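**Student:** Quick one: this structure, given as structure tokens, is what I'll be asking you about.
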Amino acid sequence: FCDKELAETRAKKDDKTTEIKKLSTKIDQMTSRSAQLKEEVAELQKGLSALTKAQAEMDKIRLEEKEAYAKAKVEMEEGIKGVQLGLKVLRDYYAKSDKAHAADEGGGAGVIGLLEVVQSDFSKGLIEMTSTEEGAQSAYDQQTKENEIEKATKEQDVKYKTEEATGLDKANAEATSDRAGVFFSLVLEIGRAHV
């Protein structure tokens with residue numbers, strides 16, 4: 001009878017030892033995966049922080065550029081209007097059939113020609129400024145959209161990885177409890193066998 005009981009006890013002991021090893025392996029795997037996920041979440045959160053900071057800096061620079069453009073545009077448009085007004089006055093003046101103007105006609109044509117060049121330069125400058133502003137706004141809009149997509153993706157990754165890590169931690173706690181129960185029953189079996 002003792003041999004039979006001893007054999008059963010050894011078999012139960014072996015089964016419980018195997019179960020403890022399996023649970024220990026499972027616990028180690030879950031602990032490792034949970035730690036890895038928590039590291040990944042920390043890196044994602046660093047990335048989100050950097051992305052938010054970069055977007056804020058980009059917003060600040062874009063606002064400054066936009067304000068500088070608006071101011072320069074107004075000044076350039078006022079300059080063009082001033083030159084146009086000057087051209088109109090000179091053309092009207094030299095268009096009169098007064099004899100006093102006849103002697104100054106060559107000088108007048110030179111001044112008018114110079115003002116037309118200035119007007120053309122101002123107009124080209126305004127076109128270039130506007131083109132630069134539109135390009136900068138377009139690049140800003142594109143980068144902002146990409147940042148929004150990256151932010152949403154990272155936030156979802158943080159959410160799912162945090163949920164997975166939490167689930168693993170819970171399963172780990174359950175497996176640790178199960179292992180403790182199996183170990184306790186193993187100790188009871190060994191104690192019964194020796195009694």
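**Student:** Could you check Ala173 against (1) surrounded by fewer than 13 Cβ atoms within 10 Å (Cβ to Cβ); (2) under 30 Å from Glu77 (Cα atoms) and say which number it fails?
**Tutor:** For Ala173, the failing item is (2).
**Student:** Any residue that is open to solvent by 60 Å² or more (accessible area, probe 1.4 Å), β-branched (Val, Ile, Thr) and more than 28 Å from the chain's Cα centre (by Cα) - is there at least one of those in region 176-189?
**Tutor:** yes
**Student:** Restricting the search to region 18-58, which residues are farther than 30 Å from Ser185 by Cβ, in contact (Cβ under 8 Å) with a residue 12 or more places away in the chain and open to solvent by less than 60 Å² (accessible area, probe 1.4 Å)? So that I can check it myself, show each step before the final result.
**Tutor:** Step one: filter region 18-58 for residues farther than 30 Å from Ser185 by Cβ, giving 36-58.
Imposing the further condition that a residue be in contact (Cβ under 8 Å) with a residue 12 or more places away in the chain reduces the set to 37-38, 40-41, 44-45, 47-48, 51-52, 54-55, 58.
Residues satisfying the conditions are Leu37, Glu40, Val41, Leu44, Gly47, Leu48, Leu51, Ala54, Gln55, Met58.
**Student:** Can you name the number of the only condition in (1) without any contact (Cβ under 8 Å) to a residue 12 or more places away in the chain; (2) under 18 Å from Ile127 (Cβ atoms); (3) β-branched (Val, Ile, Thr) that Ile61 fails?
**Tutor:** All conditions pass for Ile61, except number (2).
**Student:** Return the total of residues in region 76-95 being of a type in the set (D, E, K, R) and either touching a residue at least 40 places away in the same chain (Cβ under 8 Å) or loosely packed, with under 10 Cβ neighbours inside 10 Å (or both). If you could, list the steps in order and put the result at the bottom.
**Tutor:** Initial filter on region 76-95 (of a type in the set (D, E, K, R)): 77-78, 81, 88, 91-92.
Checking the rest, the ones that are also either touching a residue at least 40 places away in the same chain (Cβ under 8 Å) or loosely packed, with under 10 Cβ neighbours inside 10 Å (or both) come to 77, 92.
Residues that pass the stated criteria total 2.
**Student:** Out of contact with any strand residue (DSSP E or B) (no Cβ under 8 Å at 6 or more places or on another chain), part of a helix (DSSP H, G or I) and at pLDDT 95 or above: is that true of Val89 in this structure? Break it down into steps so the answer makes sense when it comes.
**Tutor:** Details: out of contact with any strand residue (DSSP E or B) (no Cβ under 8 Å at 6 or more places or on another chain): yes; part of a helix (DSSP H, G or I): yes; at pLDDT 95 or above: no.
Spelling it out, it is not the case that Val89 is out of contact with any strand residue (DSSP E or B) (no Cβ under 8 Å at 6 or more places or on another chain), part of a helix (DSSP H, G or I) and at pLDDT 95 or above.
**Student:** Right, something else. For the condition surrounded by 13 or more Cβ atoms within 10 Å (Cβ to Cβ), modelled with pLDDT of 95 or more, in a helix (DSSP H, G or I) and of a type in the set (Val, Ile, Thr), what is the one hit in Thr130, Thr153? Can you show your working first?
**Tutor:** Details: Thr153 fails: surrounded by 13 or more Cβ atoms within 10 Å (Cβ to Cβ).
Criteria check complete, one pass: Thr130.
**Student:** Kindly indicate which of Lys159, Lys170, Lys145, Lys124 is under 33 Å from the mean Cα position of the chain (by Cα), among the basic types (Lys, Arg) and over 25 Å from Ala35 (Cβ atoms). I'd like the intermediate steps shown before the answer.
**Tutor:** Numbers: Lys159 fails: over 25 Å from Ala35 (Cβ atoms); Lys170 fails: over 25 Å from Ala35 (Cβ atoms); Lys124 fails: under 33 Å from the mean Cα position of the chain (by Cα).
Step by step, each of Lys159, Lys170, Lys145, Lys124 is checked, and only Lys145 is under 33 Å from the mean Cα position of the chain (by Cα), among the basic types (Lys, Arg) and over 25 Å from Ala35 (Cβ atoms).
**Student:** So Val41 ticks every box in (1) modelled with pLDDT under 95; (2) touching a helix residue (DSSP H, G or I) at 6+ places or on another chain (Cβ under 9 Å); (3) of a type in the set (A, V, I, L, M, F, W, C) but one. Which box is left unticked?
**Tutor:** (1)
**Student:** Out of Ala68, Ala7, which single residue is at pLDDT 95 or above and either touching a Pro at 6+ places or on another chain (Cβ under 6 Å) or open to solvent by less than 70 Å² (accessible area, probe 1.4 Å) (or both)?
**Tutor:** Working: Ala7 fails: at pLDDT 95 or above.
Going through Ala68, Ala7 in turn, just one is at pLDDT 95 or above and either touching a Pro at 6+ places or on another chain (Cβ under 6 Å) or open to solvent by less than 70 Å² (accessible area, probe 1.4 Å) (or both): Ala68.
The values are calculated or read from the model by the stated rules, or taken from the named source; none is laboratory data. Nothing here was measured: the structure is a model prediction, and the numbers come from that model. Note that we place each Cβ from the backbone using ideal geometry, even for glycine, and neighbour counts take in every protein chain shown. Side chains included, ligands, DNA and RNA excluded: accessible areas come from the protein's heavy atoms. Shrake-Rupley method; radii C 1.70, N 1.55, O 1.52, S 1.80 Å.
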